[in-house]
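The values are calculated or read from the model by the stated rules, or taken from the named source; none is laboratory data. In this text, all values refer to a predicted model and were calculated from it rather than measured experimentally. Positions of Cβ are backbone-derived with ideal geometry, glycine not excepted, and every protein chain shown enters the neighbour counts.
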Amino acid sequence: MYNFFKYLLVRPIVRFLFRATLVGAENEPVTGGALLASNHLAAGDTYITPAMLKRQVTFPAKAELFRGDRGPRSVILAWFMRAIKQVPLDRSGGRVSLAGLEPVLNALHEGRLVGIYPEGTRSPDGRLYKGHTGVARMALASGVPVIPVAVADTARVKGLFGIGWVWKPRVIVGKPIDFSAYTGMHNDRAVLRWVTDEIMAAIQELSGQTYVDAYASSVKRGALSQSDSDARILARPGLGATPPQLPGA
């Protein structure tokens, strides 16, 4: 079902109508589990990036989307999510726990590519925001490499007759980052923050975005004003931080 939608519907639209381009195709692993960590600018990111890659990409989605307990539309959505082999992410307890990540970790252990947006939400202004440590927790619990990805020009613009359109989006795939030296340290907060910042720095290097050391959700909620967020601009994520000590060192 995934390949049906990808190759017969989504990919032709993205490649030939949107005129999307892919940079760094050689960095996509041919086999084995890996985390694709990307910036998040627009709703189109979730289908443009998978359309441009060779392998199937699995995205964690809210667990409630898989229940199908809110009427006919939710039943169809739950069926669709399972049909294209996406996985549920249980955040019922607030911050994602290792138990809530079990379906994602299983997908990684099965050798699948799992896509994640560390910012947790779309950027409110096109800048890159602080990453949540869930991506580091997944990487350190599974031992798989992290592939930084940057997208650009994925937001809709007005096309012919005012119809919303995406024009010449770009997907840039970076070289894999190996954090296997810290495998199993998924409960160490200092390690989680350092790994997350390193991932976000790799994304920033690909995207060229201005980095704001604050969560995008705080800006969207209004908890952080424009001037407050401007004051938190850094040259790169984790500026000045030193790598944590290796296990047994």
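Step by step: first the residues of the range 54-81, then only those that are closer than 25 Å to Ser142 by Cβ and modelled with pLDDT of 80 or more, then the one that is surrounded by the fewest Cβ atoms within 10 Å (Cβ to Cβ). Which residue is that? Among residues in the range 54-81 that are closer than 25 Å to Ser142 by Cβ and modelled with pLDDT of 80 or more, the one surrounded by the fewest Cβ atoms within 10 Å (Cβ to Cβ) is Lys54. I'd like to verify a number: residues in the range 149-177 that are part of a loop (DSSP other than H, G, I, E, B), surrounded by fewer than 16 Cβ atoms within 10 Å (Cβ to Cβ), in contact with a Lys or Arg (Cβ under 8 Å, 6 or more places away or on another chain) and without any contact (Cβ under 8 Å) to a residue 24 or more places away in the chain, how many? Going through the range 149-177 one residue at a time, the tally reaches 0.
Quick check on Asp213: is it acidic (Asp, Glu) and within 28 Å of Gln226 (Cβ to Cβ)? Criteria met by Asp213. Filtered by the rule that a residue be within 20 Å of Ala51 (Cα to Cα) and aliphatic (A, V, I, L, M), the range 109-150 gives Leu113, Val114, Ile116, Val146, Ile147, Val149, Ala150.
For the range 218-249, residues that are part of a loop (DSSP other than H, G, I, E, B) and touching a strand residue (DSSP E or B) at 6+ places or on another chain (Cβ under 7 Å) total 3. In the range 14-25, the residue that is surrounded by the most Cβ atoms within 10 Å (Cβ to Cβ) out of those that are touching a residue at least 24 places away in the same chain (Cβ under 8 Å) and part of a helix (DSSP H, G or I) is Val14. Arg11 fulfils the conditions (1) over 25 Å from Asp197 (Cα atoms); (2) free of Cβ contacts under 8 Å to residues at least 40 places away in the same chain except for a single criterion, (2).
Taking the range 30-72 as the range and being within 11 Å of Leu113 (Cβ to Cβ), among the polar types (S, T, N, Q) and touching a helix residue (DSSP H, G or I) at 6+ places or on another chain (Cβ under 9 Å) as the test, the residues that pass are Gln56, Thr58. Counting residues in the range 31-53 that are of a type outside the set (Phe, Trp, Tyr), exposed (fewer than 14 other Cβ atoms within 10 Å of the Cβ) and free of Cβ contacts under 8 Å to residues at least 60 places away in the same chain gives zero.
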